[in-house]
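The values are calculated or read from the model by the stated rules, or taken from the named source; none is laboratory data. Because the structure is a prediction, the values reported are computed rather than measured. All Cβ positions, even for glycine, are placed from backbone atoms using ideal geometry, and neighbour counts span all protein chains on display. Note: areas computed on protein heavy atoms with side chains; ligands, DNA, RNA excluded. Shrake-Rupley method; radii C 1.70, N 1.55, O 1.52, S 1.80 Å.
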Amino acid sequence: MAKVIVGLSGGVDSAIAAYLLKKQGYEVVGAFMRNWDSQLNNDILGNEWHGDICPQEVDYNDAKDVANKLGIKLLRVDFIKEYWDNVFTYFIDEYKKGRTPNPDIMCNKYIKFDSFLKFAKAHGADYIATGHYAKIVHEGDKSKLYKASDDNKDQSYFLSFLNQDQLHDVLFPLANIDKPTVRRIANELKLSIANKKDSTGICFIGERNFKEFLKNYIPATEGKIVDIKTNNVVGKHQGVYYYTIGQRRGLNIGGIKGSDGKSWFVVKKDVKNNILYVACGDDNEYLLCDEVLITDCNYLDDVKLNTFIDCTAKFRYRQKDVNVKIIRNENDTITVKSDTPLKAVTNGQIACFYKKDGQLFASGIIDSIYKDGKKVELN
RNA sequence: UGGGAUAUAGCCAAGCGGUAAGGCACCAGAUUUUGAUUCUGGCAUUCACUGGUUCGAUCCCAGUUAUCCCAG
């Protein structure tokens, strides 16, 4: 009987993943990970506690309930140092450069499908499993990553930085069922967390007042907000780091003459001069581009060099895929071209590419954007 | 100091005698394993102040205060 260690988070998805595996005849063991310690990591601002028990412990208790109900053993493991070294330092460094990182993608790459995978192997597991909505097809030694059947919950985007070795011994039991079904099964099993709200916020850290949270690690420095079109000062900010390209809320500017009653959006973060550039209107030209350069690429399948490929691209989670042409360059970067304008493509975020059948075959970090052959400066 | 104009929520701004539009901002929810975006809801018992006319005033009249413009 093959042994699977399932990452149990205390939520419904991983609970049902464990249940399904057990039903399929695997020897199932649960494991609860704790990768963030608010005390140790000096996370004071923006951290909301529920009573005198921190959110991570609430989740652990939920995971314990699930394990008891399913009749499986629950292990507990901390990767606090690993998380800090591999995910959080990257996260902060990127923000300091004026970019917008995606910590959860790195968390999957370095923690869940690396540290945790090794931990599971050391505990005799043949496979690890998680409650991700994504599909892996194992063909001999090759593993292909696909979107989940539930297009609404598909999380393949977050797994786009995994490599062949990492995918090899991974199972995603939720590949072919949708969220409503997961909820239904959880209710049938009378799991205490059957109707628990989906968690959001940075994985393992949780929901926060984001700006306050960042202030723990990047001090506030007040500066000007400038209208990129007129160069007029239209407001002030607490630090360009705290904002992201395409952001609307939190700018505190409104009713300025000439804006025609339109909202303002962040279009550029000048870290060096501490100036936040904005433009008004959600359709303003400063947010658009037609070409994107992707670096730090990860190829999950064979991709020929110097050859245009028609595919779809996702530039941010839960955004509609767009038809693009991509080309893998000599230096292993990818150039993306789109016939229709792309809006608010943000450097530091991850772009991933899908074939028509839903296979995620390449991904990388958005480095820079171009319009009409000219680079659009974002920093 | 003459002459003219304007004062409506944090900001733009409609209403010009019948009991305060709209937008931006903000706040709250929804959506969401990043950050955003998006969606829904909330947001002036009160119209610079003080009197007056009127059944009734943000709207008319007088005075006060403030700001702006043109002269000087």
Fill in: Compactness relative to 2.2 N^0.38 Å, alpha carbon Rg of the stretch A:145-281
1.50
Worksheet item: So what is the diffusion coefficient of chain A in µm² per second by Stokes-Einstein at 37 °C and 0.692 mPa s, using a Kirkwood Rh over Cα pairs?
Response: 148
Item to complete: Could you check how much of the accessible area of the stretch A:1-126 is carbon and sulfur, as a whole percent, using a 1.4 Å probe?
Response: 50
Worksheet item: Which residue fluctuates the most in chain A, going by a Gaussian network model with Cα springs under 10 Å, if the choices are A:158, A:315, A:210?
Response: A:210
Discussion item. If you roll a 1.4 angstrom probe over the protein chains with everything in place, what fraction of the accessible area of the stretch A:141-182 belongs to carbon and sulfur, to the nearest %?
Written reply: 41
Worksheet item: Ranked highest first by the average count of other Cβ atoms within 10 Å around their residues, in what order do A:290-300, A:72-82 fall?
Response: A:290-300, A:72-82
Worksheet item: If the chain between residue A:296 and residue A:335 were fully stretched, how many nm would it gain, using 0.36 nm times the residue separation less the Cα-Cα distance?
Response: 12.8 nm
Practice prompt. Return the long-range amide H neighbours of residue A:206 (sequence gap of 5 or more, or a different chain), with a cut-off of under 5 Å between placed amide H atoms.
Written response: none
Worksheet item: If the viscosity is 0.890 mPa s and the temperature 25 °C, what Stokes-Einstein diffusion coefficient in µm²/s follows for the stretch A:60-205 when Rh is the Kirkwood radius over Cα pairs?
Response: 146
Discussion item. How large is the translational diffusion coefficient of the stretch A:260-379 in µm² per second when you combine the Kirkwood radius over alpha carbon pairs with Stokes-Einstein at 37 °C and 0.692 mPa s?
Written reply: 218
Response to the item:
Counting only DSSP beta bridges fully inside chain A, the antiparallel percentage to nearest 5 is 75
Fill in: Between the stretch A:251-323 and the stretch A:352-373, the alpha-carbon center distance in angstrom
13
Worksheet item: So how much accessible area does residue A:133 have, in Å² to the nearest 10, using a 1.4 Å probe?
Response: 0
Item to complete: Enumerate the amide H contacts of residue A:376 below 5 Å, restricted to partners 5 or more residues apart or on another chain; note that Pro and chain-start residues carry no placed amide H.
Response: A:369, A:370, A:371
Worksheet item: Between residue A:57 and residue A:343, what length in nm is gained on full extension when 0.36 nm per residue of separation is reduced by their alpha carbon distance?
Response: 99.0 nm
Worksheet item: Using r as the Cβ-Cβ distance of residue A:27 and residue A:181, and R0 as 22 Å, what FRET efficiency do you calculate, to the nearest 0.05?
Response: 0.35
Fill in: For the stretch A:101-141, convex hull volume per residue from C-alpha positions, Å³
97
Discussion item. Per residue of the stretch A:243-258, what does 6.51 cos²θ - 1.76 cosθ + 1.60 with θ = phi - 60° give for ³J(HN,Hα)? Whole Hz please, x for Gly and Pro, Karplus curve as stated.
Written reply: 10, 9, 4, x, 6, 10, 6, x, 8, 6, 10, x, x, 7, 4, x
Response to the item:
Computed over the stretch A:330-379, the Cα gyration tensor eigenvalues, each multiplied by 5 and square-rooted, give semi-axes in Å (largest first) of 20, 13, 11
Worksheet entry | Qualifying GluC sites (Glu not before Pro) in the stretch A:111-218, DSSP loop, other Cβ atoms within 10 Å at most 16 | A:207
Practice prompt. Towards the positive end of the charge dipole of chain A, with charges on Cβ (+1 Lys, Arg; -1 Asp, Glu), say which of A:273, A:77, A:295 has the farthest Cα.
Written response: A:273
Discussion item. Restricting to bridges with both residues inside the stretch A:67-212, how much of the DSSP beta-bridge set is antiparallel, in percent to the nearest 5?
Written reply: 75
Discussion item. Per residue of the stretch A:166-180, what does 6.51 cos²θ - 1.76 cosθ + 1.60 with θ = phi - 60° give for ³J(HN,Hα)? Whole Hz please, x for Gly and Pro, Karplus curve as stated.
Written reply: 6, 6, 3, 10, 10, 10, 10, x, 8, 3, 10, 10, 9, 4, x
Discussion item. Just the number please: accessible area per residue for chain A, 1.4 Å probe, all protein chains included, in Å².
Written reply: 47
Worksheet item: Given H placed on each backbone N at 1.01 Å, which residues far from residue A:275 in sequence or on other chains put an amide H within less than 5 Å of it?
Response: A:270
Discussion item. Taking θ = phi - 60°, what integer Hz values does the Karplus form 6.51 cos²θ - 1.76 cosθ + 1.60 yield along the stretch A:207-220, in sequence order, with x for Gly and Pro?
Written reply: 6, 9, 6, 4, 5, 5, 4, 5, 5, 4, 10, 10, x, 6
Worksheet entry | Lys, Arg +1 and Asp, Glu -1 on Cβ, resulting dipole of chain A about Cα centre, debye, nearest 20 | 540
